[in-house]
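See below for the structure under consideration.
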Amino acid sequence: MVQIINTVETIDAVPHNSAARRSLYAARVKIHPKRGAGTFRNLKWLVMIVTLGIYYITPWLRWDRGDYAPDQAVLIDLANRRFYFFFIEIWPQEFYYIAGLLIMAGIGLFLVTSTIGRAWCGYTCPQTVWTDLFLVVERWVEGDRNARIKLDAARWSLGKLWKRVVKNVAWLVIAVATGGAWIFYFADAPTLAQQFITFQAPAVAYFTVAILTGATFIFAGYLREQVCTYMCPWPRIQAAMLDEDSLVVTYSDWRGEPRSRHRKKTDLSGGKAGDCVDCNACVAVCPAGIDIRDGQQLECITCALCIDACDSVMEIIGKPKGLISYSTLKTYNAQKAGIPVAIGWRSFLRPRTFVYTSIWAAVGLVMLFTLLQRDRLELSVQNDRNPQFVTLSDGSIRNGFTIKILNMEQRPRSFSLTLSGLRNATMAMVGIDESPANGLEISVDADELRAIKVYVTLDQHSVSGEIMPFSFNVLEQTAVGTPEARSTSAIFHAPKKEQLP
Amino acid sequence: MVPREQDDVTGTEMTGHEWDGIKELDTPMPRWWLWTYYATVIWALGYVIAYPAWPLVTGATPGLLGYTSRGELLKDAEMARAAQAEQIAKIQSLSLDKIRSDAGLLQYAVAGGRAAFLVNCAQCHGSGAAGGKGYPNLNDDDWLWGGTLDQIHKTLQHGVRFTANPDTRQSQMPAFGTDGILQPEQINDVTEHVLKISGQAFDAASAGRGAVVYAENCESCHGKSGEGNRDFGGPNLSDAIALYGSDKTSLAAQIKQPRHGVMPAWSTRLDDMTLKQLAIYIHSLGGGETSAP
């Protein structure tokens with residue numbers, strides 16, 4: 001037994017960022033997280049691969065949209081003001097879909113936080129993912145925790161310089177790739193990649209890459225946990241979302257305390273010792289530089305690496321795992337009081353999560369419904385205001401209208417334009433077909449807006465007032481299924497009765 | 001120097017200032033702030049050397065880069081002109097009809113014409129070119145001097161009754177009342193006749209007498225049935241549009257002592273490219289004619 005306990009190495013790790021030690025008057029002490037291993041570390045590797053994979057690969061996915069639209073699956077086409085997402089195309093006036101997605105993301109974050117705590121911070125936040133990636137590089141070049149501490153303290157030598165150069169260059173390469181991937185969401189990726197390499201890309205592309213490269217390099221390489229502790233508003237907001245049923249990384253002090261490095265001795269001398277052997281493994285792996293045994297704290301991003309570290313120690317000393325574990329405040333209190341309770345999915349079922357889920361689903365369903373119902377044809381009419389009307393030499397009154405027809409489908413379409421509610425009126429398309437007609441035929445290119453000027457003329461005997469409401473109607477002539485139709489009201493302006501010719 | 005008192009909690013020096021027992025820490029500036037400050041100082045030194053900075057009696061030090069905001073504007077204007085060089089060259093060389101039949105050129109000319117119109121013409125014709133009493137409405141299909149592109153262009157070039165220009169559009173209607181050519185009752189009769197031919201309510205007996213007066217005095221310029229004559233600038237009296245008002249009082253006043261509007265000749269004020277664009281813009285307002293009737 002003594003042998004087994006002795007195999008647990010006590011690490012000389014100091015939680016520099018714990019509330020007791022951290023001083024706003026002192027410069028930051030660099031954190032040297034030790035390499036972790038275990039269930040949650042594996043989960044984090046998986047999340048890192050998936051999130052980075054999504055980020056890097058998405059712009060290169062192709063999606064066939066026919067001859068009239070780009071074939072990039074996800075594309076934010078700022079120049080042409082279109083957003084493409086696989087089978088969905090969004091025009092600027094449909095931006096509420098994006099707003100809806102942001103609302104869903106917000107509510108989703110509430111839901112996740114109230115159930116599984118700061119999972120966003122610990123697993124998926126770019127700051128966490130890239131910091132993890134940069135730490136992999138750092139460990140690869142400079143070694144694990146102890147080697148890095150030693151290197152930092154060592155005097156400058158050729159070896160140290162070489163390691164620093166290799167590390168920073170590797171970081172820079174990752175940072176450039178990060179910034180580089182971003183711009184491909186905004187233009188055709190293969191074309192832009194070619195332009196970028198041959199220095200033909202627009203200046204904004206290089207600026208964007210430079211800014212994101214700098215941000216990635218500094219944030220993940222040097223600022224690290226300071227971004228979470230001092231710069232980011234999420235920890236504050238997320239802390240407010242937690243309640244007694246949220247899963248947080250918890251140290252079971254009722255089981256671990258009093259901690260002792262000499263358990264055997266304490267046991268023999270009749271003293272009481274907890275399960276914590278005070279080996280500091282949980283402190284050494286912490287990327288935030290805190291001691292989880294101090295309880296819940298703002299700096300904790302709940303990455304759960306301390307759980308892995310502690311579990312491996314518990315295994316060695318033959319104690320049950322879970323001295324540090326994901327637990328809720330309710331469970332913790334019950335267990336502390338000696339009531340055996342296990343964490344279960346039932347802690348997820350409570351009014352709060354139900355409300356969040358309902359709002360989240362409702363927003364999603366409303367968006368889905370409107371997305372399926374939305375029109376791919378829009379008609380807008382603008383009345384000439386200066387002059388509102390023109391008296392022609394034969395006494396008839398003419399009004400000018402700018403008609404805009406939006407063909408939001410990926411094929412050219414043809415529409416008929418007619419008037420209703422204005423008897424004896426004739427129309428003429430300015431500059432296209434100026435012979436008076438009752439209806440006009442208008443073709444609109446694929447995914448385009450066409451604006452035409454239309455003169456509506458009414459003989460003076462048909463004028464019934466100064467303001468005559470009527471409507472313009474468009475009806476699709478080239479329909480594949482049910483023809484789309486739109487109608488927009490407009491007003492025909494005429495002079496006062498006594499001023500009529 | 002006497003060492004300054006130190007704060008126990010932070011280890012920071014005190015300034016020595018004290019108010020009601022509250023002592024002030026002499027906290028150093030945050031480093032990031034200090035370095036940013038130094039950077040701005042260095043930037044400012046460079047700026048003072050490179051750009052106009054120190055005020056002198058009549059101006060300012062020019063700076064090494066020779067930058068001026070006026071120069072910047074001129075450069076921008078030059079760039080804009082260079083970008084439009086193709087259109088400008090075409091408008092200068094092509095005929096008005098050719099310009100109109102090229103959709104891109106037409107759009108450019110209409111936009112340019114509109115800009116020139118708002119600066120030079122809107123004062124009389126209104127920003128929407130709807131005119132007013134005495135100022136012709138350019139949106140309608142009634143033209144005093146013709147509504148084809150070339151006719152509009154000519155009117156713009158030489159003006160109307162603008163005596164300084166030898167080719168100006170010239171017409172003069174006698175003051176039938178004040179010069180004693182017609183008696184008041186004759187004026188009344190001929191007014192009734194004009195009301196009749198323009199499709200308004202009229203007194204039959206009076207108009208009948210007026211027709212004779214019209215044939216003797218007015219027909220040569222305004223035409224047999226009042227259709228006007230654009231060669232002499234004789235307005236069409238039979239349509240629904242009258243420059244000085246179509247009611248009886250306005251018509252009678254115009255016969256008694258006619259008013260004559262004047263439009264300046266723009267060829268001496270604007271370059272021909274602008275005039276061409278103006279002609280195309282006015283022609284596009286809804287009343288432009290493709291051939292003289």
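Brief remarks follow.
- Built amide H within the under 5 Å cut-off of A:Phe415, gap 5+: A:Ile442, A:Ser443, A:Val444, A:Gln477
- Whole-number accessible area per residue in Å² for the protein assembly as shown, which is evaluated in the context of all protein chains at 1.4 Å: 55 Å²
- Restricting the GluC sites (Glu not before Pro) of the stretch B:1-66 to loop positions (DSSP other than H, G, I, E, B) with no more than 16 neighbouring Cβ atoms within 10 Å leaves B:Glu5.
- Heavy-atom accessible area with a 1.4 Å probe sorts A:Ser420, A:Ser18, largest first, into A:Ser420, A:Ser18.
- Summed residue charge, Cβ within 9 Å of A:Ser114's Cβ, Lys/Arg positive, Asp/Glu negative: 0
- The alpha carbon gyration tensor of the stretch A:133-268 gives principal lengths a ≥ b ≥ c with a/c of 1.5 or higher and a/b no greater than b/c, which makes the shape oblate.
- Apportionment of accessible area to carbon and sulfur, the protein assembly as shown, percent (1.4 Å): 62 percent
- Values of log10 I(q)/I(0) for the stretch A:69-215 across q = 0.11, 0.16, 0.21 Å⁻¹ run -0.67, -1.06, -1.25, by the Debye formula with one identical scatterer at each alpha carbon and no solvent.
- Local electrostatic count, B:Leu105, Cβ distance below 11 Å [Lys/Arg +1, Asp/Glu -1]: +2
- Counting only trypsin sites (Lys or Arg not before Pro) that DSSP places in a loop and that have at most 16 other Cβ atoms within 10 Å, the longest clean stretch of chain B runs over B:5-132.
- B:Met173, B:Met29, ranked by accessible area, largest first (probe 1.4 Å): B:Met29, B:Met173
- Overall form of the stretch B:11-153: prolate. Here a/c, set by the Cα gyration tensor axes a ≥ b ≥ c, is 1.5 or more, and a/b is the larger of a/b and b/c.
- Separation of the stretch A:347-406 from the stretch A:143-166 is 62 Å, based on Cα centroids.
- For the stretch A:133-143, backbone phi angles converted through the Karplus equation (6.51, -1.76, 1.60; θ = phi - 60°) give residue-by-residue couplings of 5, 5, 5, 4, 4, 4, 5, 5, 7, 9, x Hz, Gly and Pro being listed as x.
- The convex hull built on the alpha-carbon positions of the stretch A:377-499 has an orientation-averaged projected area of 7.4 nm².
- Under 5 Å from the amide H of A:Thr250 lie the amide H atoms of A:Ser325, A:Tyr326, A:Ser327, each residue being 5 or more positions distant or on a separate chain, with H modelled from the backbone and absent for Pro and chain starts.
- Across the stretch A:177-188, computed HN-Hα scalar couplings (Karplus, 6.51 cos²θ - 1.76 cosθ + 1.60, θ = phi - 60°) run 5, 5, x, x, 5, 4, 5, 6, 6, 10, 7, 4 Hz from first to last residue, x flagging Gly and Pro.
- Axis angle, to the nearest 10 degrees, between helix A:203-218 and the longest C-alpha principal axis of chain A: 20 degrees.
- Restriction of the chymotrypsin sites (Phe, Trp or Tyr not before Pro) in the stretch B:20-126 to DSSP coil positions whose beta-carbon has at most 15 other beta-carbons within 10 angstrom yields B:Tyr67.
- Cα centroid of the stretch A:452-501 to Cα centroid of the stretch B:168-247, whole Å: 37 Å
- Directionally averaged projected area (convex hull, Cα atoms, chain B), nm²: 33.2 nm²
- Chain B: DSSP helices with Cα axial extent of at least 24 Å and average Kyte-Doolittle hydropathy no lower than -0.5: B:31-50, B:103-120
- Among the residues of B:241-251, the average count of other protein chain beta-carbon atoms within 10 Å of the residue beta-carbon is 1.
- Size of the B/A contact, given as accessible area buried on both chains, probe 1.4 Å, in Å²: 1100 Å²
- In Å², nearest 10: area of A:Trp254 left accessible to a 1.4 Å probe: 90 Å²
- Considering every alpha-carbon pair of the stretch A:243-343, the percent of pairs per 5 Å bin, from zero through the bin containing the longest distance, is 2, 13, 23, 24, 20, 12, 4, 1, 0.
- Here is the tail figure for the stretch A:184-232: Cα pairs spaced more than 18 Å apart come to 44 percent of all pairs.
- Neighbour count of at most 13 Cβ within 10 Å plus DSSP loop: longest GluC sites (Glu not before Pro)-free window in chain A: A:245-501
- The residues of the stretch B:107-143 occluded by other protein chains by 30 Å² or more of accessible area, set against the chain on its own, are B:Gly128, B:Asn139, B:Asp141; surface from heavy atoms, 1.4 Å probe.
- Average other protein chain Cβ within 10 Å of Cβ, residues A:392-399: 5
- Counting Cβ atoms of other protein chains within 10 Å of each Cβ in A:430-436 and taking the mean gives 2.
- Whole-number D in µm² s⁻¹ for chain A, Kirkwood Cα-pair radius fed into Stokes-Einstein, 20 °C, 1.002 mPa s: 75 µm²/s
- Summed side-chain charge close to B:Lys248 - residues other than B:Lys248 whose Cβ falls under 13 Å, Lys, Arg +1, Asp, Glu -1: -2
- To the nearest 10, the accessible area of A:Val169 is 80 Å² with a 1.4 Å probe.
- Working note: Karplus 6.51/-1.76/1.60 with θ = phi - 60° gives the stretch A:441-458 the couplings 10, 10, 9, 10, 5, 4, 6, 10, 10, 10, 10, 10, 9, 10, 9, 10, 10, 10 Hz, where Gly and Pro are set to x.
The values are calculated or read from the model by the stated rules, or taken from the named source; none is laboratory data. Remember, predicted model here, so these are calculated numbers, not experimental data. Every residue, glycine as well, gets a Cβ built from its backbone with ideal geometry; the counts of neighbours run over all protein chains shown. Note: accessible area is taken over every heavy atom of the protein model, side chains too, but ligands, DNA and RNA are not part of it. Shrake-Rupley method; radii C 1.70, N 1.55, O 1.52, S 1.80 Å.
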